Structure formats: structure tokens, C-alpha cells
Amino acid sequence: MLGGDFPVLIEEDQIQKRVQQLALRISQDYQGNDLHVVGVLRGAYQFTQDLSTKMALPHTLDYISVASYGQGMTSSESLQLRMDISKPVAGKDVLLVDDIVDTGITLNWLVDYLKRRRARTIRTCCFLDKPARRRAAVPTDYIGFPISDVFVIGYGLDYQEKYRELPFISCLSPQEVLI
């Protein structure tokens, strides 16, 4: 427990081990390709950075920001593009890195958005997958950890902009548990 408040669900060493495994697989899958990594801000900033530094192939890195949660604990269907990518993706292999696949609506929107920008290929790499809440069919090519329907914080994920700095994953409520 963190200060008696939050149960640790995924330890820091488990996270780093899984990120290394994903980076190795991605490096093998994209060997010889012109890979452009697009991290989704703000929740995936830590995951994107760790993954990028562990990948054993040259790649470019960019970020995009889309808001769907606002101040609540549930994802809304109303999306807002807050920050666009700064580099063209036309003709490139794009790896979209996100923190969590929840309803799938945001990730689905982002994949469609990058398709409209004429990316050659698009794959997704999501740190957490919450299939119980899925409402949109969305490709999930690389997954860090599946989780149950709980609200998680840490390793970049927040609640009202707090707790991103935690090096592990925890439930916001001590009553919530991981699969």
C-alpha cells in the first residue's frame, strides 16, 4: 500500500520487464522499416519514453493529445484534439502508443485519424487493456497488461492530474482489485 491509501497492482519491476519484452518484439517486427512512434499524451508519456529508449532500432518520435476523460473517472464519447502530431506520417509505418484501451473509442478515433493522414501502416501498443469496457472494435497489436474494470493510477495514468508520478500501477480505491 502507498501510504496506506492505494494497493499496488503492478510493481515497478514487473512494468520494466514487460516494457523490455514489448520493445524487443517491436524491434524485431519493425527491423528495416521507417518506424514513426506516436505517443498519446499525457497518460502514455512514461510508457512511450521507456519503450522508445528500449527499442533496438532507429525511429522517430512524436506526440498527439486527445481528451476524453475530463475531470471524471469514465471516458466520454466526446473527443477533443488538444495537440496534433508535428511530423508528417504519410508513407510511414506508425506505432501508436497509448496508456490504456478502455472503451476503445479514443484509440479507434486516433487510428482513423492517422489513416486519414496516409500512414503506410498503423499498429497500436497499449500499456493496459481493459476489455470489459470495450464499446468500439479496435486493433490492439501489442499489450502490456490486461486489467479488470477498475480505475487505475500511476506510471503516467492520473486522476484529476494527480498520481502520474507513481512508478507502479495502483487502484484509485482500495476496494478495487486487478484480475
Worksheet item: Tell me, which helices (runs of 4 or more DSSP H) wholly within the stretch 1-120 include 1 or more residues that are at pLDDT below 95?
Response: 105-116
Practice prompt. Look through 151, 145 and report the one residue that is touching a residue at least 12 places away in the same chain (Cβ under 8 Å) and in contact with a helix residue (DSSP H, G or I) (Cβ under 8 Å, 6 or more places away or on another chain).
Written response: 145
Worksheet item: Taking the stretch 131-170 on its own, how many of its residues are assigned to a strand (DSSP E or B), of a type in the set (Gly, Ala, Ser) and within 13 Å of the chain's Cα centre (by Cα)?
Response: 2
Discussion item. When the residues of the stretch 98-118 are narrowed to those that are basic (Lys, Arg) and without any contact (Cβ under 8 Å) to a residue 12 or more places away in the chain, which ends up surrounded by the fewest Cβ atoms within 10 Å (Cβ to Cβ)?
Written reply: 116
Worksheet item: Restricting attention to the stretch 135-146, and to residues there that are among the aliphatic types (A, V, I, L, M) and modelled with pLDDT under 95, which single residue is nearest to residue 14 (Cα to Cα)?
Response: 138
Worksheet item: Which one is surrounded by the fewest Cβ atoms within 10 Å (Cβ to Cβ) among residues in the stretch 47-68 that are farther than 18 Å from residue 157 by Cα and aliphatic (A, V, I, L, M)?
Response: 56
Worksheet entry | Single match in 140, 121 (criterion: surrounded by fewer than 16 Cβ atoms within 10 Å (Cβ to Cβ) and β-branched (Val, Ile, Thr)) | 121
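The values are calculated or read from the model by the stated rules, or taken from the named source; none is laboratory data. Just so it is clear, the model here is predicted, and its values are computed rather than measured. No Cβ is skipped: glycine too gets one built from the backbone with ideal geometry, and neighbour counts run over all protein chains shown.
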